[in-house]
Structures are given as structure tokens and as C-alpha cells.
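Just so it is clear, none of the values below were taken in a lab; they were calculated from the coordinates. If you're wondering where the values come from, they're calculated on a predicted model, not measured in any experiment. Reconstructed Cβ throughout: ideal geometry from the backbone, glycine too, with neighbour counts over all protein chains shown.
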Amino acid sequence: MTTLVNPIKYLGNELEYLKKVLEGESWSATGGSWTNTFEREFAKKLGLKYAVAFNSGTSTLHAALEAAGVGPGDEVISPALTVIMDTAATIHANAVPVYADIDPETFNLDPKDVEKRITGKTKAIIAVSLYGLPCDMDALLKIAKKHNIALIEDNAQSVLAKYKGRLLGTFGDMASFSFENTKHISCGEGGMIATNSEKYAEAVRKIGGHGFKNLRAEEGRVRLNQDVFQSPHYKRHDVLGWNYRLAEFNSAVALAQLERVDELVDLRMKSAEMFINAMSQCDYLIPQKTPGDCVNTYYTLGVVYNGLEKKGVSWEEFRKMYISEGGDGVYGAWSVPYLEPVIAERRFAGRCPWVYKNVRYEKGLCPQAERIQPKIMQFKTNYRDLDLAKRKAAVLEKVIKKVSAK
């Protein structure tokens, strides 16, 4: 059998654009134009007015919370099944993470549990659309409006996903995206906040750009008028900000990826479908449920593995079998955030002791997430050759037959 290798992910204009950045005079977003162009094109792709580039999909979340007015002692609701970055961003804002449980079939936030967790201190909800599947946006919007709190979409894994015909990113007050190495659009590290609000766009741009007073919703360059900027009498900063800017190199790569994003997303969706078909007759591999009114763009294919109960084959044994037969590997889900040592052992509390003095999290807080998390298998979808994806799906089908015969 011919050995197939997954092609490199940079198949478009990446090298050409990087060369142009190198030939330019500015490699920084403070004076260059690649980041500005990338922002405009990203906003256009979503049909929104504004997009602001960041150096990661974590700094986006922090900036969004700060822009929404989240501060010391405020509460931010996020799902109990997600990466710890939503928690970290909340703590960066000196706010208190509050965890809501998930729907065990979609793995996304359970709106009913979200509403139960709201108090007078709740300031924002972070709606994570896990693995490419949109949350129940209508229900979450209704809750946010009812309680007058900000809804921030965390779409790190769900570029071009749709809910009831609308692209994710167009529902909340702000939407966060990630361009980290494994994402649909990838430039090593990077992120974006998209919004229709001029107020929020300007706020997050200043927060991510050292608080320069001349930053605006649609403009991230700060050195456009050298006569003004270079004056010793010029006062530069009117809000507290951080250096969360995206470099011109990253923006050039991400822009080239954006030009092909429909193709890149389509490859993941087709790859996922092959794996779903391979496990269609299997009663112990249950794919993440995609409601009929949603389009899942499959950052990865999340599956609940019940093989230990049904076949006596552990999660680890199944993974080992799949790899030994030529599979690409299977990834587990991250631990429930509040069971990570930094949270469970209260190592975070020293950051702001007067806020976190009485904040504690115990096992059993979100039972559905705790039950599902150890069973999740994530199958790779990032194939840029569908023949390779087909072969890997055939490997999975072979392993399923072996286990089923036990």
C-alpha cells in the first residue's frame, strides 16, 4: 500500500505574503497593514462591522471580559467541559469562574443549568461551541438579555459553524476566535474578536494595544502621524491595556488561510463524516450529537466511548489498538477545569486573595461533565488529503470489528 502523508497546511499564499512582510518597513501591527487587512477581511467573512486581531485566543477572552466591564468579584459562567483558558481569562479579570453543566449528547452548555447558576454578581456568560458544534444560541441569548449580562461567544473551534442558518460569531456581544496551530485557520498563535459594536471594538482594541488613546474600532495602527506621535508632549495612553497585538507575520499567514477557509473547513467536515460512517454500526462509540438546525465544522470529532462497559475494552486499550493498526491517535478531552490542580487546590487564589477567599470548587459540581469527560475520544479531522482520511477511517472500522467480535 502506498504511504500517504498529510500535506502541509500552508498551501496558499502564505510564503508569498511572508516575503512581502519581510520586504516591508514595518513588522509590527502598530505601523503595518497586514493585520489591518486581515481584520477587515475576517469581519467581512462573518458579515460583521468590526474584527480586532490578538496574539492568542486566550487574550481575546480576557479583553472581551474587560471590555464588558467584568471586574473584581464579578462572576462569569463558562462550561464545565472546555479548556482551562476560559477559566484563566476570568481569573485574569479578577472575576470568579462559575461552572455550568453540559448537555451529555452535544457536550455544550445546558441553558437550564446556566440559568440556575446566575446570581446578582453574574456579569457575563462565555458560550463555548465545542469541537465545532454551535451552542443553543437562542436559549443563551434569551438568558443573557433577561438578566442584562454580556454573552461572549468562544468560537475557537468553530469557524464557519452555523446555528439556524447564521454563522457563529454573529449572536453574542463579542465573539472570540483562535488561530493556534491546530485550528481551522492557523498561523502558529493568534486570535480575533469580532463584533457589531463600535464601543466594544474600540474597547478591546485599546485593551489589547497598551491603551493607546488614538486606537479606534476599525484601526489598530498607532503611528500614522509621525509628527504627532514623535512629539515629546504627546500623551499616548488613556486606558489600561496589555500587549495582545498580532504581529504582521502571523497576520499574513492567517490572511492566506482565510482566503481558503471554506476549503479547509470542508475538508474537516468530509473527514469527520468518513469516521462517523465507520462507527455507524457501533453501539459503544457515540458521536457528538449535531442538531438538525446546526452545522458542525468539526475541529475534531468528539465521541463518547462506552467500550469498557459494553465490550470490556478500556479507553486506553482501544486507542492502542487503533494506533497499532495505523491510526493517527486518539485524544482525550481536557480535565474538567475545576478539577485541575491550579483550581482544585486553590493555587489561583493568591492572585486576588480578597476576592477568592471563600471560593472553592468540589467534585460533583457538574455531574454530567464529570461523567462524560473521561469517556470522550477525539478523532483527528485535520486531513488535507481525503484519501488519507478514508484510509484512517478504514483502520477505525477494522478495529471496531475486532472489538465487536469479542
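Brief remarks follow.
- Above-threshold pairs, the threshold being 31 Å between Cα atoms, out of Lys164/Lys270; Lys45/Lys289; Lys162/Lys406; Lys164/Lys363; Lys270/Lys311: Lys162/Lys406; Lys164/Lys363
- For the Cα trace of region 113-167, dividing Rg by the Kirkwood Rh returns an Rg/Rh value of 0.99.
- In this Cβ point-charge picture (+1 for Lys and Arg, -1 for Asp and Glu), the chain has a dipole of about 420 debye about its Cα centre.
- Each residue, Lys162 and Ser28, gets one label point 7 Å from its Cα in the Cβ direction; the gap between the two is 4.2 nm.
- Fewest-first ranking of Trp242, Trp27, using other Cβ atoms within 10 Å as the exposure measure: Trp27, Trp242
- Look at Val204, Val403 and count the other Cβ atoms within 10 Å of each Cβ; fewest to most, that gives Val403, Val204.
- Within straight-line reach of Lys112, meaning a Cα separation under 17 Å, sit the following aspartates and glutamates at least 8 residues removed in sequence or on another chain: Asp101, Asp103, Asp136, Asp138.
- Angle in degrees between helix 261-278 and the longest Cα principal axis of the chain, rounded to the nearest 10: 20 degrees
- Reach of Lys390 by Cα under 17 Å, taken over aspartates and glutamates that are not fewer than 8 positions away in the same chain: Asp266, Glu273, Glu325, Asp328
- Residues Tyr131, Tyr298, Tyr10 arranged by fewest to most Cβ contacts within 10 Å: Tyr10, Tyr131, Tyr298
- Largest-first principal axis extents of the Cα set of region 14-261 (Å): 55, 42, 27
- Within the listed set Ser197, Ser129, Ser186, the residue fluctuating most in the Gaussian network model of the chain (springs between alpha-carbon atoms under 10 angstrom) is Ser197.
- In loop segments of region 49-131 as defined by DSSP, the GluC sites (Glu not before Pro) with at most 16 further C-beta atoms inside 10 Å of their C-beta are Glu105.
- Net charge over other residues, Cβ less than 15 angstrom from the Cβ of Val253 (K, R count +1; D, E count -1): -3
- In a DSSP loop and with at most 16 other Cβ atoms within 10 Å, the chymotrypsin sites (Phe, Trp or Tyr not before Pro) in region 307-342 are Trp334.
- Cross-link partners of Lys116 among lysines (Cα-Cα below 17 Å; sequence separation of 8 or more within a chain): Lys142, Lys145, Lys146
- Sum of -39500 (n - 2.57) over DSSP H runs of 4+, divided by residues of the chain (222 nm, nearest 500): -10500 deg cm²/dmol
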